[in-house]
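Here's the structure we're looking at; comments come further down.
The values are calculated or read from the model by the stated rules, or taken from the named source; none is laboratory data. These figures come from a predicted structure and were not determined experimentally. Quick reminder, even Gly has a Cβ in these numbers, built from the backbone with ideal geometry, and neighbours come from all protein chains shown.
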Amino acid sequence: MVKIATGKGFELELPESYDKMKREAEETITEILGDKPKALKLWKLMQQDAEVNADWDMSNYIAVAKLHFNDHGEIHMKIVAANALRMLKLLDQSGVVGDLVKEKAGDIDDDYLVVLAGGLLHDIGNQVHRVDHNLHGVYLAIPLLDRLLPEIYEDPEIMYEIRGHILNCIYSHEYDVQDLTIEAALVGISDGTDMTKGRGRMAFDSGNVNIHTVSALSIEEVNITQGKDCPVGIFIKMSNSAGIFQIQETLFKKIVGGPMEPYVEVIAESKPDEPTQDERIVHRVVLQGRKFKAL
């Protein structure tokens, strides 16, 4: 188990696999931003910033320790940022530009910075409460961005416009909020891609047995690469057809009707390819108090 701090005197234990996911996300972000000096500078600033790290810790404390959800702290937000940047790079390579660039409000480096910050901060509102956490995240991010963005932008008006795009990404990441920009859609869809069984194991093991956690344990891999018929392809491997619920509830709703719909395709397959029974996740469930327990 990996111990992570969630405030002074309190730690959460996360599976060893979480540490690997964190390193992979950090490496992906650093690699993608290698030729984006403004976005890379913000990435370095945010990693070392005390307020950002405290936001990640407290968000996890409420989500995991109190609500028995999956990780919603540093690791989750870095995975979301990494996946959003992967998709932005695929769009860039296909000649599709974000709304910020399309409207000439900034360059491609600014676009990567907006998506990076949106991903890294999208869930910090959980520390206030899960209810309306996307709204809480907006007002928590404002003073933080007002402190960090002047390190990158000399022109205050440009800085505040960039801040506005980031805040839009944070607020719009929930599935029931309409995405109005490609940047916001990238963050929201990426939030939905962080659903593999490595992330779902902790909530299930803590006794939170429901269709959400069982479905999450069915997702073996999520790979983001060039699509067959679209710039972005999201390829999902499942060990159990229950994973379809996870895809419909956490990913499908964040794509359909949004600005990324024409540019992304989702393909989900159960493995192995040969006809076989699904891998059993739950053998028996027993209602104890107000929760189902897996036995």
| request: Taking only region 102-151 into account, find how many residues are closer than 14 Å to Ile166 by Cα and β-branched (Val, Ile, Thr). | output: 5
| field | Residue within region 48-68 that is assigned by TED's automatic domain parsing to the domain that holds Cys169, touching a strand residue (DSSP E or B) at 6+ places or on another chain (Cβ under 7 Å) and crowded, with 23+ Cβ neighbours inside 10 Å present | value | yes
| remark: Scanning region 155-175 residue by residue, those outside any helix (DSSP H, G or I) and more than 16 Å from the chain's Cα centre (by Cα) turn out to be Asp155
| task | Assess whether Glu103 counts as being more than 19 Å from Ile158 (Cβ to Cβ) and not aromatic (Phe, Trp, Tyr). | result | no
| message | Just to check your reading of the model, which residue among Glu269, Glu183, Glu265 is assigned to a strand (DSSP E or B) and either of a type in the set (Lys, Arg) or modelled with pLDDT of 90 or more (or both)? | response | Glu265
| field | Count - residues of region 73-98 that are among the basic types (Lys, Arg) and under 25 Å from Val128 (Cβ atoms) | value | 1
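I'd like to know if region 110-122 contains one or more residues that are part of a helix (DSSP H, G or I) and either in contact with a Pro (Cβ under 6 Å, 6 or more places away or on another chain) or surrounded by fewer than 24 Cβ atoms within 10 Å (Cβ to Cβ) (or both).
Scanning region 110-122, I find at least one residue that is part of a helix (DSSP H, G or I) and either in contact with a Pro (Cβ under 6 Å, 6 or more places away or on another chain) or surrounded by fewer than 24 Cβ atoms within 10 Å (Cβ to Cβ) (or both), so the answer is yes.
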| Only one of Ala84, Ala65 is over 19 Å from Val232 (Cα atoms) and either of a type outside the set (Lys, Arg) or under 17 Å from the mean Cα position of the chain (by Cα) (or both); which? | Ala65
| field | Any helices (runs of 4 or more DSSP H) falling wholly within region 37-97 and containing at least 2 residues that are in contact with a Phe, Trp or Tyr (Cβ under 9 Å, 6 or more places away or on another chain) and closer than 25 Å to Thr225 by Cα | value | 37-48, 74-93
